[in-house]
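A quick write-up on the structure given underneath.
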Amino acid sequence: MLAIAVMLFLVEVLIMYALRYLGFEFGTTFTLLNGILLAVICAPPIYWLVLSPIRNQYIRRLRGEGEDEDLSHAAITDPLTRIMNRRGITVGLLDAMAHAERYRTPLTVAMADIDLLKEINASYGRGGGDSVLKDVAGVLADALRMPDKVGRYGGEEFLIVLPHTSLAQGKKIVERIRNSVSKWDFEVGSKKIRLTISIGVAQYKDGEDLEQLMSHASKALQQAKQGGRNKVVASKSR
């Protein structure tokens with residue numbers, strides 16, 4: 001509103017000086033007072049009738065965009081672990097598959113499962129299991145590279161997407177993750193416990209669909225479980 005008042009004042013002063021140039025007699029004091037009076041009288045109505053509704057509409061639009069963004073983020077975020085949920089990581093994997101198909105770049109995925117989580121729930125309650133899930137998700141997220149993605153795929157399963165990564169490279173990455181988890185002290189209430197994860201790794205092949213790729217990763221995970229847990233198993237070449 002101050003800007004409007006200043007603008008009105010300057011316009012009125014210019015008009016008065018133009019009239020003086022044309023022969024009308026106005027003193028300087030009168031000219032300034034007239035400009036001030038016009039600004040004081042006209043600025044508030046102009047602001048409230050014209051600019052204020054525009055400003056309010058702009059603010060509402062910004063707030064609406066922010067709310068839409070928050071809702072979109074919430075739709076793909078797991079509320080417990082604060083990483084992507086099944087929907088979010090699946091969309092991320094589909095995007096990575098399309099990119100790998102188009103640019104002929106390698107893509108590896110890994111299915112990780114917390115070993116013996118049911119026993120942890122039995123010993124420390126559901127709250128203890130939830131605490132472990134959150135901490136494991138944090139370890140996984142911190143261990144990944146910038147283009148990689150991780151999401152909670154199921155109850156105690158996590159899906160890791162590794163773009164531009166061959167099967168051999170992916171196995172090394174998740175082996176490092178498995179080792180980090182096995183050495184981590186997880187706090188459950190007042191106690192610290194150790195746990196392990198099993199991981200199955202598979203590389204995307206041209207022409208595969210989502211179901212086929214996930215099936216190979218899941219089978220590799222089952223082999224890791226059946227092989228004694230706390231292992232990384234890569235899907236056989238196909």
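Readers should treat all values here as calculations from the given coordinates under stated rules, not as data from a laboratory. It should be emphasised that the depicted structure is a prediction, and the values quoted were computed from it without experimental measurement. Every residue, glycine among them, receives a Cβ derived from its backbone with ideal geometry; neighbour counts consider all protein chains shown.
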Cα centroid of segment 192-212 to Cα centroid of segment 113-184, whole Å: 11
Residue order, fewest to most beta carbons within 10 Å, for L144, L133: L144, L133
Where trypsin sites (Lys or Arg not before Pro) fall in DSSP loop in segment 151-204, at most 15 other Cβ within 10 Å: K183, R194
Relative contact order of segment 90-208, defined on C-alpha pairs under 8 angstrom at six or more residues apart (%): 39
